[in-house]
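The values are calculated or read from the model by the stated rules, or taken from the named source; none is laboratory data. The structure displayed is predicted, hence computed values, not measured ones. Glycine also receives a Cβ, built like all others from the backbone with ideal geometry; neighbour counts cover every protein chain displayed.
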């Protein structure tokens, strides 16, 4: 009766010896997860700006983006007809959301009003002016500059009356070619876009509203 036990033990030992190398090989093909760097855009500083209370209510939105800019991974343009994504360099939130919030913060600093909201808002909010934005390009270009190309519109009467349609095409150099520099340049371009919007709002608004 002892022989079958020895045979089974030997077979188990052979099976274990055969599996050990396979386990070692599997570990060679197991990759550690790549750490992801998350980025945001930032508004301009309100330091030194006079405090404004009240004023017209401005609403930002909707914000439209090309599908490639709606990805989590940050897009760059290595060639004119090529888009590349860095899987380990991502936005911390959807780019349309951060564009809307940064524009709202910038306009709240630049406009004579502290009442700048991001759509959607409830029907109880009496919006005076609405700014919609259609982004065409917003990424690093083949020449190394970051470009913001956008079409935008201003509406009065709570979005019921079109006051004007506009076009902004701005670019900015980078201090370096890395992704923090790209995010910094993009933030600066949103500040430039906010200044374009303020000029249009002042031209379209009654003097008492845009002093």
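Observations, loosely collected:
- Considering the range 51-65, and only residues there that are loosely packed, with under 12 Cβ neighbours inside 10 Å and more than 16 Å from residue 105 (Cβ to Cβ), the residue that is modelled with the lowest pLDDT turns out to be 53.
- When residue 62 is tested against (1) over 27 Å from residue 128 (Cβ atoms); (2) assigned to a strand (DSSP E or B), exactly one condition is not met: (1).
- Identity of the residue in the range 138-156, in contact (Cβ under 8 Å) with a residue 24 or more places away in the chain and under 20 Å from residue 60 (Cβ atoms), that ends up farthest from the chain's Cα centre (by Cα): 156
Residues are listed down the side, and each one gets a yes or a no for (1) over 18 Å from the mean Cα position of the chain (by Cα); (2) closer than 23 Å to residue 62 by Cβ; (3) buried (at least 19 other Cβ atoms within 10 Å of the Cβ):
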| site | (1), (2), (3) |
| --- | --- |
| 112 | yes, no, no |
| 121 | yes, yes, no |
| 126 | yes, yes, no |
| 178 | no, no, no |
| 182 | no, no, yes |
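- Look at (1) in contact with a strand residue (DSSP E or B) (Cβ under 8 Å, 6 or more places away or on another chain); (2) surrounded by 20 or more Cβ atoms within 10 Å (Cβ to Cβ) and you find that residue 102 fails only one, number (1).
- Selection count where residues are free of Cβ contacts under 8 Å to residues at least 24 places away in the same chain and in contact with a strand residue (DSSP E or B) (Cβ under 8 Å, 6 or more places away or on another chain), scope the range 175-196: 1
- Considering the range 65-84, the residues that are assigned to a strand (DSSP E or B) and touching a helix residue (DSSP H, G or I) at 6+ places or on another chain (Cβ under 8 Å) include one that is farthest from residue 40 (Cα to Cα), namely 83.
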